[in-house]
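Everything below concerns the one structure shown next.
The values are calculated or read from the model by the stated rules, or taken from the named source; none is laboratory data. Since the structure is predicted, the reported quantities are computational estimates derived from the model, not experimental observations. Note that each Cβ is placed from the backbone with ideal geometry, even for glycine, and that neighbours are counted across all protein chains shown. Accessible surface areas use protein heavy atoms only, side chains included; no ligands, DNA or RNA. Shrake-Rupley method; radii C 1.70, N 1.55, O 1.52, S 1.80 Å.
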Amino acid sequence: MTRKVLVLGEVRDGSLRNVSFEAIAAGKTIAEGGEVVGVLLGDSVSALGEQLLHYGADRVVVVEDEKLKQYTSDGFSQAFQAVVDAESPEGIVFGHTALGKDLSPRVAGKLGTGLVSDVTALEEAGGNLVFTRPIYSGKAFEKKIITDGIIFATIRPNNIPALEKDESRSGEVGSVTAEIKDLRTIIKDVVRKASEGVDLSEAKVIIAGGRGVKSEDGFEPLKELANVLGGAVGASRGACDADYCDYSLQIGQTGKVVTPDLYIACGISGAIQHLAGMSNSKVIVAINKDPEANIFKVADYGIVGDLFEVVPMLTEEFKKL
Ligand code: FAD
């Protein structure tokens, strides 16, 4: 069965987040040969439409309004609803990001449809679309089939590969007008902590530090390794609680959930709450002085040793590549 699928392109600081391109790939699978329509909401975002086309959208619809300059659940759900009214889709895909997690239940509620969230894989099997999502903090996976209504999914970043970018792909970038009214929240300004380098939730390589780094300065060798590998620095809650780094770096049950290609855990014991945020990483390397540390149970490669000796050695070796 072919479907028309709307895919939300998520814009941050004037650029599309990578998960938007991954969502297009998921949208293609759901469309089963039907049409994938990229959706952009904002106050001056139409120039980004071309990129969605390059990554496989067949066409793009833009809602531009100065009330959409900053994200609000109210404003974005009204704008998205206007696109749904104009397009009557059979499928919808968002990224499972802070924005997607906030917006998707509201949109699903308004449409009276279900929502399969945090999808990590999607395949066609036996005539059905099967969605895989982690449950119990990543300890098990459930597979879901949607039998009724609009197929609505949010996809976890870094799990469903985007299509190859192809600049020869083209298509229409049209617009829809939405009447955005009665906003209960007006955001005057967003003050974001200055963050260095790569966005943690989309990073392909993460070097994470725990209480074992012992101080704020102890993160320096980790930052150097992250620089050499083009990765981001993350942390355990132990390190955040000890004030060695900012809570925005926290990975785990009450922090960010990440799935990089490579996760290097340095001086992290491997508490269950930390594993909940990183155990689905593709390759896990653990560096810990304690050979009995729990982190070794999930690690693909374990190095028993002092991180202050091992991390600089790794950095030097990777520099040679
Ligand atoms: P520790 O457990 O103290 O481990 C430090 C490790 O460093 C040890 O294994 C030690 O052997 C090693 N080490 C020390 N020095 C060196 C060295 N020089 N070289 C190499 N290794 C060294 N935690 C999270 O991370 N994320 C969460 O989201 C989270 N949410 C939580 C939610 C709840 C409700 C609760 C109760 C807890 C949560 N925690 C979370 C906390 C979690 O239980 C652990 O306390 C925390 O993860 C421990 O952090 P750590 O591994 O850095 O520290």
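Quick notes on this one:
- Surface exposure of the chain, expressed per residue as accessible area with a 1.4 Å probe, stands at 48 Å².
- Between helix 73-87 and the chain: long-axis angle, C-alpha atoms, 0 to 90°, nearest 10: 50
- Nonpolar atom fraction for the range 149-257, defined as the carbon and sulfur part of the 1.4 Å probe accessible area, stands at 46 percent.
- Annotation for the range 288-321 versus the range 50-96: alpha-carbon center distance of 44 Å.
- Efficiency of FRET between residue 199 and residue 163 - r from beta-carbon atoms, R0 22 angstrom, step 0.05: 0.60
- Relative contact order of the range 184-273, taken over Cα pairs closer than 8 Å and 6 or more residues apart, is 35 percent.
- Axis of helix 18-31 versus longest Cα principal axis of the chain: the two differ by about 50°, to the nearest ten degrees.
- An oblate overall shape is assigned to the range 62-116, the ratio a/c of its alpha-carbon gyration tensor axes (a ≥ b ≥ c) being 1.5 or greater and a/b not exceeding b/c.
- Placing unit charges on each Cβ (+1 for Lys and Arg, -1 for Asp and Glu) gives the chain a dipole about its Cα centre, and among 62, 260, 47 the Cα reaching farthest toward its positive end belongs to 260.
- Cα centroid separation, the range 151-201 to the range 204-241 (Å): 28
- With respect to the chain, whose longest principal axis is taken over its alpha-carbon atoms, helix 220-229 is tilted by about 50°.
- Paramagnetic label zone (point 7 Å from Cα along Cα-to-C-beta, residue 321; backbone N under 16 Å) in the range 278-294: 282-286
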